[in-house]
Amino acid sequence: MKVAISSSGKTLESNVDSRFGRCPYFLIYDTDGAEFEIIENQSRQAMGGAGIQAAQMVSDKKVEAVVTGNIGPNAFKVLSAASINVFSGVSGTVKSAIEKIKSGELKSTSAPDASAHFGTGPSWNE
């Protein structure tokens, strides 16, 4: 299964980013082959629609699941329409998130858990 994880950095030791649409990177991990790819989130600096753009980007990578700290309503809608499972409320390292998804510890999210424009305040743009 291919999983997109919102990440603050480019390694398995990086933290899961609390923001989906505005995270710096997505780590695309294949649980079958234990291989991963890092993609830069080009939409994180967008004036609007970052969640929608990020959701489309990971959907284009043919992922089956997304792991993140928080997910807004627009991104959630796009991912749901693409039949991509969302696991939110996740923190810690990317590596620990992968272990949790492989062991079945994570429960899928049934609704967005962040408001639209979450993470766009001054402290997030530094």
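A few points about this structure:
- When the range 2-118 is described by a simple charge dipole with +1 on each Lys and Arg Cβ and -1 on each Asp and Glu Cβ, the residue from 8, 51, 65 located farthest towards its positive end is 51.
- The length gained on full extension between residue 103 and residue 11, counted as 0.36 nm times the residue separation minus their Cα-Cα distance, comes to 31.1 nm.
- Expressed to the nearest 5 percent, the antiparallel share of DSSP beta bridges inside the chain is 65 percent.
- Cross-link reach list, aspartates and glutamates versus residue 102, counting only Cα pairs under 16 Å and skipping chain neighbours closer than eight places: 30, 32, 35, 64
- For the range 35-49, Karplus couplings with θ = phi - 60° (6.51, -1.76, 1.60), whole Hz, Gly/Pro x: 9, 9, 9, 9, 10, 6, 7, 5, 8, 4, 9, 4, 5, x, x
- Which of 20, 26 has the fewest Cβ neighbours within 10 Å, and the rest in rising order: 26, 20
- Dmax and Rg, reported as Rg then Dmax, of the chain (C-alpha, Å): 12.9, 40
Quick note: the coordinates plus some simple rules give every number you see, no bench work behind them. No experiment lies behind these values; they were computed from the predicted model shown. Please note: Cβ atoms are built from the backbone with ideal geometry, for glycine as well, and neighbour counts cover all protein chains shown.
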